[in-house]
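What follows is calculated from the coordinates using simple rules that are stated; it is not laboratory data. No experiment lies behind these values; they were computed from the predicted model shown. All Cβ positions, glycine included, derive from the backbone under ideal geometry; neighbour counts span all protein chains shown.
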Amino acid sequence: MANQVAARLAGDDYQHLYSWWHVLTLLRPSAQVAEVSIEDDQAGSFDDVTVTYEPASGKAPHYFQVKYHVDQRDCYSTQVLLDRGPGSSLLQKFWRTWKKIRAEATEPELMLYSNWSWDSTDAVGQCINGHDGSLKGFLSAGEHSNIGKLRARWLAECGGSLDEFKAFIGCLRLRLGSTNAAADVSAHVADRMENLGLLNDETALLVAVGIVRGWIKQRIRRVNKELLEGVLTAHDLRSKTGEPSVAVYVETIKKRRFDLEPDYLIDWREYFVGPEHERSHRIVDPSLWNRRLLPELRTLEERINRDSTARLIRARGFARLSAWFAFGRVFSRVAGYEIEVQQGASLWRSDASPSGFTLVPTAVPESGRVAATLAVGLSITGSLAVDMRRYLESVGFRGAILELEPAGGPARDALQGAGDAVALSVAAKKQIREWLDAVRATEVWLFYFGPLSGACFLGHDLNALGARVTIMEDQAPGYAPSFQLE
């Protein structure tokens with residue numbers, strides 16, 4: 001009995017924390033959440049959490065059933081979903097819930113969320129999308145295939161028409177499989193609380209669990225922003241020293257999960273040439289930068305500025321350097337922002353104190369040279385001098401050339417920390433400004449070979465140069481202009 005009680009308490013805590021994670025979306029304007037219901041008596045077998053969105057969002061409600069298992073002795077499968085035991089099967093319960101809910105909501109999303117995985121010997125597992133848990137290819141598989149035969153069993157269990165069954169499968173999500181689920185949920189909740197300027201230590205998480213448990217005992221089923229704000233004040237959960245922040249994912253290469261959930265997403269993969277699993281450096285059309293991508297970033301900045309008082313932007317993503325330059329530029333220091341990026345296994349911030357890192361010139365314009373354009377090469381983790389000069393010769397460049405590198409020479413570990421990345425941007429800006437004045441140039445072509453943090457922090461600081469800056473993108477091989485910073 002003691003073990004059963006312990007398992008039940010662990011399951012309740014897991015469910016309550018997961019509910020709290022959704023409740024916190026009420027504080028994120030970008031999520032457009034109007035209300036979060038807990039143990040929703042109108043939601044059938046998906047009653048653990050219901051997220052209802054603002055009408056302007058155009059989103060149907062999302063319904064969640066949370067199943068916590070104390071160990072991994074079993075897993076989900078077609079047989080588990082169809083096993084009727086003493087009553088209805090899980091699949092029948094899901095089907096009846098869908099039929100009930102769809103009368104009130106068009107295309108609701110029904111999510112089974114559990115730390116159990118799907119049986120690797122069951123062919124349906126091939127259809128479970130690892131990104132969102134949807135069933136891709138389940139409906140289109142041939143009827144004589146293993147998937148098709150299992151699909152026929154699902155359909156027979158549901159007992160509806162084929163069209164209804166297809167609509168039901170389109171709404172079903174199976175998000176399964178974390179063997180460390182309790183720790184995962186705790187970490188996600190702590191991250192979200194920290195980003196919202198709330199206390200986020202173990203005690204704060206236990207308080208959050210207690211709040212949700214209290215709502216259930218008091219039969220408070222529907223939570224809105226006003227109610228949430230009240231309990232945050234009553235339980236003193238706002239951090240006195242915490243810093244509100246906004247998490248933004250920037251993607252041009254491939255999708256990847258990071259240490260925190262995004263509040264906003266910039267997905268530019270479709271604009272870059274290459275296969276779905278790894279887009280290249282080359283953009284489909286260079287004019288897209290100034291015509292579409294930069295305006296999209298500026299629109300995002302305006303939205304964040306409108307929705308939040310946060311000025312720390314936690315940037316994550318698997319993206320090319322040009323995107324990081326652009327991101328740093330839009331969320332610039334002069335606009336009042338600071339940026340945190342993930343560099344390797346570390347988090348580097350643009351408000352770190354500059355280190356003693358210095359840049360030294362390896363090639364400078366000849367004395368007395370006057371030129372309309374200054375080409376600047378920053379060789380940080382490797383030398384780009386040969387490739388840059390080859391490109392400049394190929395386009396008949398007639399301007400002045402400035403080449404800079406770390407005092408110790410380019411190296412993979414040239415930047416040892418955030419202070420080095422900040423010092424790089426400060427030193428580069430200073431030397432570029434001085435040589436612009438010396439050659440009287442009104443335009444800079446900027447070539448860069450270094451880590452993403454350097455690109456982002458350079459964009460963050462490159463203002464007031466008195467010249468237009470064109471970021472040159474490595475095309476592997478060669479270069480091409482990507483976008484201009486006025």
Seminar exercise, completed: Scoring the chain by relative contact order with C-alpha pairs under 8 Å, at least six apart, yields a percentage of 12
For this session: Mind scanning Lys254/Lys429; Lys93/Lys225; Lys67/Lys217; Lys240/Lys429; Lys59/Lys166; Lys166/Lys225 and naming the pairs with a C-alpha gap bigger than 27 Å?
Result: Lys254/Lys429; Lys93/Lys225; Lys240/Lys429; Lys166/Lys225
For this session: Step through the residues of region 42-48 one at a time and calculate ³J(HN,Hα) from phi using the Karplus curve (6.51 cos²θ - 1.76 cosθ + 1.60, θ = phi - 60°), rounding each to whole Hz and writing x for Gly and Pro.
Result: 9, 10, x, 7, 10, 9, 5
For this session: Bin width 5 Å, alpha-carbon pairs only: give the P(r) of region 2-176 as whole percents, running from 0 to the bin holding the largest distance.
Result: 1, 8, 15, 20, 21, 16, 11, 6, 2, 0
Exercise. If one takes the longest principal axis of the Cα atoms in the chain, at what angle in degrees, from 0 to 90 and to the nearest 10, does the Cα axis of helix 90-101 lie?
Worked result: 80
Exercise. What is the Rg over Rh value, at two decimals, for region 359-485, using alpha-carbon atoms and the Kirkwood definition of Rh?
Worked result: 0.93
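Got a sec? How would His16, His188, His62 order by Cβ neighbour count within 10 Å, fewest to most?
His188, His62, His16
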Seminar exercise, completed: Taking Cα atoms, the helix 294-307 axis meets the longest principal axis of the chain at an angle in degrees (rounded to 10) of 60
Problem set entry | the chain: angle of helix 321-330 to the longest principal axis, Cα-based, in degrees nearest 10 | 90
For this session: Find which of Pro365, Phe483, Val386 sits farthest along the positive direction of the dipole of region 359-485, computed with +1 on the beta-carbon of Lys and Arg, -1 on that of Asp and Glu, about the Cα centre.
Result: Pro365
For this session: Using only C-alpha atoms and all pairs of different ones, pull out the Kirkwood radius for region 249-401 in Å with one decimal.
Result: 18.1
Problem set entry | Footprinting exposure proxy for Glu243, Glu301 (fewest neighbouring C-beta atoms within 10 Å first) | Glu243, Glu301
Problem set entry | Highest to lowest packing among 293-300, 364-371, 327-334, 92-99, scored as the average C-beta count within 10 Å | 327-334, 92-99, 293-300, 364-371
